[in-house]
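Notes follow once the structure below has been shown.
The values are calculated or read from the model by the stated rules, or taken from the named source; none is laboratory data. For clarity, every value in this text was computed on a predicted model and none was experimentally measured. Here the Cβ is made from the backbone with ideal geometry for all residues, glycine too, and neighbour counts use every protein chain on show.
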């Protein structure tokens with residue numbers, strides 16, 4: 001499917017709008033009877049941007065998403081799994097848990113073949129988890145808040161106290177003095193580090209930066 | 001008014017375009033996935049989870065008696081501990097609980113105890129989980145979360161004797177230095193019954209296949225409970241606590257348990273009680289030829305391994321007709337109590353085309369490897385007949 005050009009926007013738009021409406025309807029139905037393959041595809045396509053961002057931001061604090069993608073579970077077992085993870089400290093709201101269960105049970109149910117694509121990074125960039133308020137002057141990071149945000153988002157790779165682990169040590173890392181490079185890396189990723197622009201608000205990133213400067 | 005309307009409509013279109021683009025991309029990816037991926041196993045390990053690192057050994061490696069350290073399967077709940085926690089200068093093993101004399105030992109202290117070497121199979125309780133139907137949650141291990149290695153260390157009973165176990169003691173709790181990323185996740189705390197802990201073959205190993213224990217395998221010290229599944233073989237061991245009861249917490253009281261009697265799949269939690277996974281069950285694997293291999297019409301050497309928890313392997317049989325008839329393989333090589341037994345069979349294919357080879361083992365206790373394993377909620381102890389499908393050349 002090609003990107004929609006400006007000229008055919010209206011015609012294509014109508015078609016798409018109807019797909020979206022069908023998608024929304026299917027999402028509403030997902031809790032009930034088993035879906036057809038086409039319905040599942042719609043649920044997956046509709047929910048994927050946000051669900052995959054959540055998986056990357058919340059689940060991969062403790063484990064890579066490959067562990068999620070290899071499961072083939074019915075809805076009740078997905079529910080139990082997501083609740084278990086919340087109980088263990090995954091930062092997932094009730095509403096996010098519901099969305100994840102709908103997505104996971106449509107995409108990774110027992111009828112799906114073993115070989116599926118890994119979570120597709122192309123689907124990841126869409127909806128930010130947090131909405132940015134209109135910019136009101138420069139952001140001031142709060143180090144105390146940054147400590148908690150770091151623990152739940154960054155520590156898995158960058159280690160306790162930012163002393164390094166799977167990812168580089170960030171305490172006293174020269175990148176902290178180059179704020180533009182720091183922001184660029186967090187927002188858009190670098191090498192094996194994924195982009196966090198969709199998972200962290202600008203205030204979150206400023207808070208993390210402020211906290212890292214104290215390390 | 002109209003401006004903001006146009007804006008939100010544009011935003012809406014962008015979203016729609018994005019979603020459709022994503023859908024198209026997802027669809028485009030589908031056909032490629034129809035081919036069986038993961039069949040080509042060229043690397044030293046088949047990775048199941050990147051972090052924490054969980055990886056299995058490609059079965060072709062099981063043509064050798066000992067599984068090399070760098071190919072040996074890796075499984076942990078949290079990955080290796082921070083380097084500082086297990087650096088030899090600071091590392092200590094503490095023995096406490098229901099004992100007369102608490103111990104705190106350096107690695108050097110530990111090596112003063114008698115040095116013991118045991119060859120033993122270590123197998124993940126979830127090895128073969130991917131074959132259970134209906135599917136169950138967890139790392140989808142196939143055939144290679146198992147290996148056979150030479151473990152060198154000291155007897156746990158020698159340490160416990162020095163510490164002086166009190167009469168009320170019934171269990172020995174084992175704790176490694178590995179920690180979850182998020183503090184609200186339960187620790188991987190396990191215990192074994194005192195009887196197993198004081199068994200002369202239960203050891204604390206600091207060497208694997210003659211080399212210092214590698215980090216991924218529990219450096220500097222891990223537990224080896226020969227004949228038992230690897231959920232008892234705690235890595236990065238730092239604390240031993242002798243106590244009256246089983247370890248508390250998720251990884252002993254909820255996880256790593258199986259129903260005492262068979263239950264219907266997904267029948268809700270079993271009415272039967274759940275007991276800890278302990279001894280291994282009789283099992284065999286075909287190491288060669290590999291799945292999907294092409295073989296000639298001349299005699300083909302089929303070989304593999306077979307093991308059981310607390311009994312010796314007595315026979316290994318192969319079937320080339322989906323289990324209707326079985327032919328006995330020849331047991332070869334080393335014969336040690338807790339190690340696996342190698343076997344060979346000279347196969348003369350009768351016809352060209354696709355052929356399936358099945359194998360099953362029987363142990364001295366009379367356990368026979370079943371066609372499939374009883375379903376259990378966490379998919380433990382899979383030991384169904386092993387199967388390899390090859391193409392016989394015309």
Exercise. Can you tell me which residue among B:326, B:347, B:307 is within 30 Å of residue B:118 (Cβ to Cβ) and at pLDDT 95 or above?
Key: B:307
Self-check item: Matching residues in region B:190-214 - criterion: being in a strand (DSSP E or B) and surrounded by 20 or more Cβ atoms within 10 Å (Cβ to Cβ)
Solution: B:190, B:191, B:192, B:203, B:204, B:205, B:206, B:208
Exercise. Kindly indicate whether residue A:26 is more than 8 Å from every other protein chain (Cβ to nearest Cβ), modelled with pLDDT under 90 and assigned to a helix (DSSP H, G or I).
Key: yes
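A quick yes/no check of all residues on (1) in contact with a strand residue (DSSP E or B) (Cβ under 9 Å, 6 or more places away or on another chain); (2) in a strand (DSSP E or B); (3) in contact (Cβ under 8 Å) with a residue 40 or more places away in the chain:
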site	(1), (2), (3)
B:287	yes, yes, yes
B:297	yes, no, yes
B:301	yes, yes, yes
B:315	yes, yes, yes
B:356	yes, yes, no
B:361	yes, yes, yes
B:381	yes, no, yes
B:389	yes, yes, yes
Self-check item: Filtered residues of region A:176-199 (kept if crowded, with 18+ Cβ neighbours inside 10 Å and either over 23 Å from the mean Cα position of the chain (by Cα) or at pLDDT 85 or above (or both))
Solution: A:182, A:186
Quiz item: How many residues are crowded, with 18+ Cβ neighbours inside 10 Å and part of a strand (DSSP E or B) if we restrict to region B:317-331?
Solution: 2
Practice problem: Search region A:100-126 for residues being closer than 27 Å to residue A:193 by Cα, at the interface with chain B (Cβ under 7 Å from one of its Cβ atoms) and part of a loop (DSSP other than H, G, I, E, B), and hand back the single one that is modelled with the lowest pLDDT. | Solution: A:126
Self-check item: Residue satisfying all of: in region A:49-69; part of a loop (DSSP other than H, G, I, E, B) and touching a helix residue (DSSP H, G or I) at 6+ places or on another chain (Cβ under 8 Å); farthest from the other protein chains (Cβ to nearest Cβ) among these
Solution: A:65
Quiz item: Does residue A:46 satisfy the condition of being under 13 Å from the mean Cα position of the chain (by Cα) and either away from every other protein chain (no Cβ under 11 Å) or crowded, with 18+ Cβ neighbours inside 10 Å (or both)?
Solution: no
Quiz item: So, in region A:160-189, of the ones that are within 20 Å of residue A:59 (Cα to Cα) and not in a loop (DSSP other than H, G, I, E, B), which residue ends up nearest to the other protein chains (Cβ to nearest Cβ)?
Solution: A:160
Quiz item: Do the conditions hold for residue B:74, that is, is it more than 27 Å from residue A:159 (Cα to Cα) and either surrounded by 14 or more Cβ atoms within 10 Å (Cβ to Cβ) or touching a residue at least 60 places away in the same chain (Cβ under 8 Å) (or both)?
Solution: no
Quiz prompt | Evaluation of residue A:138 against (1) under 23 Å from residue B:83 (Cβ atoms); (2) modelled with pLDDT under 85; (3) in a loop (DSSP other than H, G, I, E, B) (one fails), failing number | solution = (1)
Quiz item: If you go through region B:128-143 one residue at a time, do you hit one that is on the phi > 0 side of the Ramachandran plot and touching a helix residue (DSSP H, G or I) at 6+ places or on another chain (Cβ under 8 Å)?
Solution: yes
Quiz prompt | Test for residue A:76: is it farther than 27 Å from residue B:183 by Cβ, loosely packed, with under 13 Cβ neighbours inside 10 Å and at pLDDT 85 or above | solution = yes
Exercise. Being free of Cβ contacts under 8 Å to residues at least 60 places away in the same chain, more than 30 Å from residue B:128 (Cβ to Cβ) and surrounded by fewer than 19 Cβ atoms within 10 Å (Cβ to Cβ) is the filter here, so list the residues in region B:142-189 that pass it.
Key: B:157, B:158, B:161, B:167, B:183, B:184
Practice problem: Could you grab me the full set of residues in region A:70-97 that are closer than 18 Å to residue B:254 by Cβ, more than 10 Å from every other protein chain (Cβ to nearest Cβ) and part of a loop (DSSP other than H, G, I, E, B)? | Solution: none
